[in-house]
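The next block holds one structure in the form of structure tokens; read it before the comments.
Read-outs: derived from the displayed coordinates by stated rules, not from any lab. Owing to the predicted nature of the structure, the values given are computational and were not obtained by experimental measurement. Every residue, glycine as well, gets a Cβ built from its backbone with ideal geometry; the counts of neighbours run over all protein chains shown.
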Amino acid sequence: MSDANADGRNAIPGYRTSSASGTTSSESGKPKSGRTVHRFLAIFLVTQLTLFVFELTPAGQRYLVIPVTSAVAAVSVDLMSTVDQNVKASGKTIWNPANGFGVTIEAGCNEVEASILLIAAILAFPSIWAQKLGGILIGVVTVQALNLFRIISLFYIGQWDRELFQWAHLYIWQALIMLDVLIVFLLWLRFVVKRAPTETESTTS
Amino acid sequence: MSIKGFMLRALVWLPICFAVWYYSSILFVAPLARALDLLSRTLLPQLISAVETYGNELQVVLTLQVQDTSTGLLRTGDMLFEIDPLIYGFSVPLYTVLVLASRAPDGRRLGAWLIGMIILFAVQILCIQADILKVVAIDLAGQTRWVLR
């Protein structure tokens, strides 16, 4: 993953790392790439920790986890009901009365954790606030859209094969959601880097 | 490196790596069991007597003393429970997919993969140990309270 070209195009302030001799900060002589990576990691970890702790607090559960979980359950049921009249729902539980199979959407199924990872990564990368907010909004919507697909697919996989349901639920969908977060972040990075001011513009403005 | 190419390579490697990981998981579980056995017996020597492999799961052996209500004597018995270590291990095939999908030189990829595996092994140990302690301290609180008090 490269963030800037060696000829100075697409330079992000604080992230200009490459040159023939190796870029160093003129003020301190400290390698700029190492410093910016450390800054990214520090903000990424602190933001994650803060948001994960908030998620576990009573306020986080009340104002974030429960509403998001309820919304995910409601939208899943609405989507499934449009194509499958056999689907019934009560609160967080969705079931098929024909075969008795049902799933309950619990707090861990709302992908709040995956969204927190994405938000932390976007906030940690140097960019303007409009880009950060746009990235977070589109990114979280993308993660939640995939999550709806995950819930719907698991509901039908479970009716077909319970063992496959466990496998998909516990392993494969977890990995796919994480892969989705990574890809959304990479696409956002590319968007930000493409729109970053060139080095010439940066120095003249 | 284009993101589209990276995504395509990742999607090709994903089922392969998951299949290899799942069907060879019995091999991955053995070092986890060894490390957890050592750690658990160090943390709670009075309670946990072993952490062993049980297929591709882990079996935790608790040694409990209960009072015989008829004779009043203390009797020792084993209580076993299983933990699925794979729910904390899906990052192993996922990280392998990401390394394989990247376009870095082979040496760098191998180095990154090995470092990643060491970190993921440590994370798995931490998560499974926390799970064991949760089962012991919360799920089996009635039976284990006398030791944990």
(request) Please turn the phi angles of the range A:81-87 into ³J(HN,Hα) values with the Karplus equation 6.51 cos²θ - 1.76 cosθ + 1.60 (θ = phi - 60°), one per residue in order, whole Hz, x for glycine and proline. (result) 5, 5, 10, 9, 6, 7, 6
(request) In whole angstrom, note down how far apart the Cα centers of the range B:74-108 and the range A:146-176 are. (result) 19 Å
(message) I need A:66, A:136 ordered by Cβ neighbour count within 10 Å, fewest first.
(response) A:66, A:136
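What do the square roots of 5 times the Cα gyration tensor eigenvalues come to for the range A:32-194, in whole Å, largest first, as semi-axes of the equivalent ellipsoid? Could the numbers behind the result be given before it?
Details: eigenvalues 226, 53, 40 Å².
Computed over the range A:32-194, the values are 34, 16, 14 Å.
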(request) Return the single residue from B:106, B:131, B:84 with maximal mean-square fluctuation; model: Gaussian network over chain B, springs between Cα atoms under 10 Å. (result) B:106
(request) Treat every Asp and Glu Cβ in the protein assembly as shown as -1 and every Lys and Arg Cβ as +1, leave all other atoms uncharged, and give the resulting dipole magnitude about the Cα centre to the nearest 20 debye. (result) 1060 debye
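Roughly speaking, what is the stretch gain from residue B:23 to residue B:119, that is 0.36 nm per residue apart minus the C-alpha to C-alpha distance, in nm to one decimal? Please report the intermediate quantities before stating the final value.
Numbers: separation 96, 0.36 × 96 = 34.56 nm, distance 2.20 nm.
Residue separation times 0.36 nm, minus the Cα-Cα distance, leaves 32.4 nm.
Suppose every Lys and Arg Cβ carries +1 and every Asp and Glu Cβ carries -1, with no other charges. What dipole size does the range A:107-205 come out with about its Cα centre, to the nearest 20 debye? Mind dumping the intermediate values first?
On the way: 6 positive and 7 negative charges, 39 e Å.
Magnitude of the dipole: close to 180 debye.
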(request) Just rank A:38, A:169, fewest to most, by other beta-carbon atoms within 10 angstrom. (result) A:38, A:169
(message) If I take R0 = 45 Å and measure r between the Cβ atoms of residue B:46 and residue A:46 in this structure, what FRET efficiency does the formula 1/(1 + (r/R0)^6) give, to the nearest 0.05?
(response) 0.70
(message) Which of B:104, B:50, B:33 ends up with the largest GNM mean-square fluctuation for chain B, with Cα atoms connected below 10 Å?
(response) B:104
(request) Only Lys, Arg, Asp and Glu count, each charged at its Cβ (+1, +1, -1, -1), so figure out the dipole size of the range A:32-194 about its Cα centre, rounded to 20 debye. (result) 740 debye
(message) Which one, B:107, B:123, B:97, projects farthest toward the positive side of the charge dipole computed for chain B from Cβ point charges (K/R +1, D/E -1)?
(response) B:107
(request) Go ahead and run the numbers for FRET between residue A:107 and residue B:69, Cβ-Cβ distance against an R0 of 45 Å, rounding to 0.05. (result) 0.65
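Over the Cα atoms of chain B, Rg to Rh with Kirkwood Rh, two decimal places? Spell out each step's value before the answer.
Numbers: Rg = 20.2 Å, Rh = 17.6 Å.
Here the Rg-to-Rh quotient is 1.15.
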(request) For the protein assembly as shown, just list the percent of Cα-Cα distances falling in each 10 Å bin from zero outward, please. (result) 5, 18, 25, 26, 16, 7, 2, 1, 0, 0
